[in-house]
Amino acid sequence: MTVDERRAWEIVLTHIEHALLGGRLKPGDRLPGERALATELGVGRSSVREAIRVLEVLGLVRTNVGSGPTAGAIIVALPGGGMSALMRLQVAAQGFPVADIVKTRLVLETAVAAELAEAVLSAALLHPDRRDPDLGRCAQLLDAMDAPGLSEDEFLTLDAAFHLSLAEACGNQVVIATMAGLRSAIEGYVRAGVERLASWPDTSARLRAEHRGILAAIEAADPTGAHGLVHAHISGYYAETRLTPASR
């Protein structure tokens with residue numbers, strides 16, 4: 001790759017990153033096609049493809065081949081800083097054992113749920129007229145998961161977004177970056193487990209109910225309950241799918 005070619009794909013990458021950070025693109029949006037981006041930025045289509053490959057490795061976009069409404073590159077996350085990027089690159093390069101990912105989730109996500117419930121309690125005591133923390137995004141994602149006709153992939157994408165939204169509501173930037181960095185690894189093992197399920201409709205219904213229970217415990221200012229429900233939710237799916245500790 002020549003210097004000019006390298007600079008060309010970096011131009012594309014910078015353009016898309018600025019659009020994400022500036023709010024012109026958001027999760028769920030579809031990137032313009034290769035030809036449109038190449039024409040707009042004055043670069044070759046190969047440079048556009050290279051930039052999108054980098055964004056996919058970083059977990060910011062997901063690409064689908066073919067034609068039609070589901071084809072192309074779709075934004076699935078926003079940039080989360082250097083730590084998230086490094087973790088995503090580690091996942092892309094060699095992955096992490098599933099057991100390690102599950103253990104990390106249990107540590108982080110149970111603490112997040114308990115802390116959110118404690119924050120709700122503190123806000124109720126100190127500021128009864130204010131709703132804090134803001135759990136609106138979490139509730140919106142649960143409503144989206146109730147939509148009829150969702151594919152397994154669509155449901156699990158929303159599932160991952162819900163878990164990340166809890167971390168975002170908590171506001172701990174290190175936890176948010178860690179969760180964002182692990183997102184592709186989490187989605188990977190969760191998707192791998194689907195084929196091991198006896199009934200996807202039954203499991204997805206149970207997951208919906210568990211999500212609602214977690215959010216309800218947080219809103220009820222029940223740290224112990226929220227902690228326990230998250231632990232049961234994560235470990236229960238891991239046990240149900242029978243993924244081995246060495247799985248990736």
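What number in nm² do you get for region 143-222 if you take the convex hull of its Cα atoms and divide its surface by four?
Numbers: hull surface 23.0 nm².
Result: 5.7 nm².
Here the accessible area of region 131-248 is 56 percent carbon and sulfur, with a 1.4 angstrom probe and all protein chains present. Treating r as the C-beta distance of residue 99 and residue 191 and R0 as 22 Å, the FRET efficiency rounds to 0.85. Please give the FRET efficiency for residue 231 paired with residue 40, using the beta carbon to beta carbon distance and R0 = 51 Å, rounded to the nearest 0.05. Once the sixth-power term is evaluated, E becomes 0.60. Note on residue 29 and residue 123: their simple-model spin labels are 2.7 nm apart, each label 7 Å out from Cα toward Cβ.
For region 155-210, the solvent-accessible area works out to 37 Å² per residue, with a probe of 1.4 Å and every protein chain left in place. For chymotrypsin sites (Phe, Trp or Tyr not before Pro), no site in region 167-248 is both called loop by DSSP and has at most 10 other Cβ atoms within 10 Å. The distance from the alpha carbon centre of region 36-55 to that of region 158-188 is 28 Å, rounded to a whole number. Residues of region 218-240 with an amide N closer than 18 Å to a point placed 7 Å from the Cα of residue 106 along the Cα-to-Cβ direction: 224-240.
The values are calculated or read from the model by the stated rules, or taken from the named source; none is laboratory data. Everything numeric here is computed off the predicted structure, so don't read it as measured data. For neighbour counting, all protein chains shown are included, and Cβ atoms are generated from backbone atoms with ideal geometry for every residue, glycine included. Note: accessible area is taken over every heavy atom of the protein model, side chains too, but ligands, DNA and RNA are not part of it. Shrake-Rupley method; radii C 1.70, N 1.55, O 1.52, S 1.80 Å.
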